[in-house]
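Read through the structure below, which is laid out as structure tokens, and then see the notes.
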Amino acid sequence: MQSESAKPSAATPGARQKIRLGDLLVEQKVISGADLEVALAAQKKSGRRLGRIIVESGLAGENDIAQALARQLTIPFVDLRKFNPDQTILQLLPETQARRFRAIPLARRDGDIFVGMADPTDLFAYDEVARLIQEGIQLAVVAEGDLLSAIDRLYRRTDDIHGLTEELARDMGDNEASIIGLEALGEGQADAPVVRLLQTLFEDALQVNASDLHIEPQEKQLVIRFRIDGVLHPQTEADLKIAPALALRLKIVSGLDISEKRLPQDGRFAVKVRGRTVDVRLSTMPTQYGESVVMRLLSQGDNAPTLDTLGMPPAMLTRFRAILHRPNGLVLVTGPTGSGKTTTLYAALGELNDPGTKIITVEDPVEYRLPGINQVQANDKIDLSFARVLRAMLRQDPDVILVGEMRDPETAQIALRAAMTGHLVLSTLHTNDAATTPVRLLDMGVPPFMVATSVQGVLAQRLVRKVCAHCRAPHAPTPQETVWLGRAFADNLAEAGFVEGQGCERCHGTGYSGRAAIHELLEINTALAESLARSEPAEFVVQARAAMAGHMLRDQAIALARAGVTSLAEAMRASAQDDMN
């Protein structure tokens with residue numbers, strides 16, 4: 001966005017063209033004269049750029065302004081949301097300079113470098129970009145917000161990470177004795193190679209929206225991988241001898257025992273990355289070639305989840321809300337690791353949290369800190385187990401209890417007794433689907449009458465990857481997919497909007513970007529409760545699946561594929577276990 005003052009045009013190097021943004025927008029009927037007067041008055045008071053004031057006031061969008069400027073300068077407008085810049089060309093302009101001059105190299109065109117700028121009339125910025133690129137330039141106009149998002153997304157830190165791993169390996173020498181000095185690293189040692197490497201890894205992980213960061217010593221090298229949309233992607237390979245240095249530094253900031261390398265340890269710490277505070281959950285585990293470290297990244301800036309944002313079908317959401325607002329009983333959320341169970345539980349707590357309700361949780365670990373809720377971190381090292389905390393909870397006069405996971409029969413029985421005595425209890429189990437979840441409680445040794453009278457509902461869920469919006473293309477079902485679909489839907493497949501991702505820069509070649517949840521909800525009715533009370537698991541599972549017919553995980557996955565949200569291959573993968581039952 002440029003100010004109202006005149007600037008020389010960089011559309012043609014050397015040419016000078018006076019452009020007053022406000023007059024230009026009025027002339028092209030992007031805003032009215034009255035709107036301009038209001039914006040100019042606001043600019044006079046605040047001293048801020050006119051373009052930014054116009055956008056934030058809702059008078060015009062960034063794209064509207066950029067397109068008007070492109071028409072005036074007779075140069076192209078590029079929508080960066082639909083344009084995939086050439087990664088090799090991108091490296092011609094360093095990230096710092098791209099941010100400073102609001103410019104991004106896009107492609108090579110007719111022997112020149114095609115460059116998008118938020119303000120092509122800024123002659124100084126043009127001259128600096130041309131000097132840095134050292135080739136001929138053709139200009140285009142891009143929206144500033146899209147440009148900054150593109151810089152965040154496209155400027156990866158892979159080369160920096162590789163260089164820092166080599167620097168750290170050189171500093172390490174040929175033996176592990178040289179890592180001892182790492183114990184003394186404090187706030188004033190931010191320039192140490194190990195500190196810079198870890199900071200750069202966190203920056204790169206957040207840039208690609210990674211949920212987990214894996215540091216894994218192998219036989220001949222150290223492998224660093226990111227989990228993006230549920231799938232692991234290699235980031236870099238490094239000299240194996242830097243693995244102890246990374247593990248030691250991470251243990252120090254997590255407050256773990258740095259002398260213990262034989263046993264697994266868990267910890268957490270916070271790190272600042274580009275102005276964002278990120279909570280990091282850390283787990284170490286001894287392996288054959290060294291300590292494996294896995295970190296879960298949880299941004300404190302993320303909005304608290306709500307039930308409305310979970311993607312549950314409206315009718316199912318209404319039923320789930322009704323179950324949550326019952327005065328007592330057990331509500332279970334189930335699914336494999338990484339299926340979003342914790343997110344759903346926190347959304348449920350947000351629904352129930354009000355000044356008139358006392359909520360206590362026992363978790364391991366506490367992933368998100370929620371205002372107004374009493375959260376307890378279980379710690380087996382000091383015998384602060386789930387069962388022990390649960391017994392203490394019941395003396396704290398709670399209305400709602402959340403148990404992070406039912407790990408053992410003792411915890412399960414205490415939770416179910418609480419559900420039978422006037423408390424609403426929320427918890428999770430690791431099972432394949434909703435129908436087999438109450439049966440799992442029976443397998444754990446919980447008396448059948450307790451399961452039958454306590455369990456109110458079971459929500460099973462999975463996460464499916466969404467097809468990238470920037471490289472999606474129509475997809476004709478394969479013979480195998482047609483057979484799979486035919487078992488669930490008999491209507492005309494030609495009417496369905498099946499798509500698949502082709503792979504592009506924005507999705508890092510995977511064809512997927514982001515994830516959506518699929519759910520199935522089992523509400524325990526009288527017939528199902530009687531089956532549980534009789535301890536007839538086979539009969540119960542048959543009845544439960546019949547009750548959910550047409551609304552199971554597979555059905556939800558197919559619905560998302562038909563709507564073009566995910567691919568058929570991903571729908572089959574996500575509901576494969578459900579399909580086998």
_Net charge around residue 263, counting only other residues with Cβ within less than 15 Å of its Cβ (Lys, Arg = +1; Asp, Glu = -1)?_
-1
_If you average the alpha carbon positions of the range 208-263 and of the range 264-286, how far apart do those two centres end up, in angstrom?_
11
*Report, as a whole number in µm² per second, the diffusion coefficient that Stokes-Einstein gives for the chain at 10 °C and 1.306 mPa s using the Kirkwood radius over alpha carbon pairs.*
57
*Which whole-angstrom value gives the distance between the alpha carbon centres of the range 332-348 and the range 492-550?*
14
*Pairs of Cα atoms under 8 Å, at least six residues apart: use those to get the relative contact order of the chain, whole percent.*
9
*asked:* Give me the one-decimal nm value for the distance between modelled label points at residue 408 and residue 530, 7 Å along each residue's Cα-to-Cβ direction.
replied: 3.8
*Cα axis of helix 33-46 to longest principal axis of the chain: angle in degrees, 0 to 90, nearest 10?*
80
*Of the accessible area of the chain, with the probe set at 1.4 angstrom, what percent is carbon plus sulfur?*
50
*asked:* Can you give the local net charge around residue 442? Use residues other than it whose beta-carbon is closer than 12 angstrom to its beta-carbon, Lys and Arg +1, Asp and Glu -1.
replied: 0
_What number comes out for accessible area per residue over the chain if the probe is 1.4 Å? Units Å², please._
45
*Can you give the net charge of the other residues whose Cβ lies under 9 Å from the Cβ of residue 169, counting K and R as +1 and D and E as -1?*
-2
_Computed [θ] at 222 nm, deg cm²/dmol, the chain (DSSP H ≥ 4; -39,500 (n - 2.57); rounded to nearest 500)_ = -11000 deg cm²/dmol
*Would you calculate the separation in nanometres between label points at residue 239 and residue 326, each defined as 7 Å from the Cα along the Cα-to-beta-carbon direction?*
6.2
*Considering only 483, 306, 286, whose Cα is most displaced toward the positive end of the charge dipole of the chain, charges sitting on Cβ of Lys, Arg (+1) and Asp, Glu (-1)?*
306
*Using DSSP to define loop residues, name the trypsin sites (Lys or Arg not before Pro) in the range 253-308 whose beta-carbon has at most 11 other beta-carbon atoms within 10 Å.*
262, 274
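The values are calculated or read from the model by the stated rules, or taken from the named source; none is laboratory data. Note that this is a predicted model, so its numbers are computed, not measured. Note that each Cβ is placed from the backbone with ideal geometry, even for glycine, and that neighbours are counted across all protein chains shown. Ligands, DNA and RNA are stripped out before the accessible areas are found, and what is left, the full protein with its side chains, is counted by its heavy atoms. Shrake-Rupley method; radii C 1.70, N 1.55, O 1.52, S 1.80 Å.
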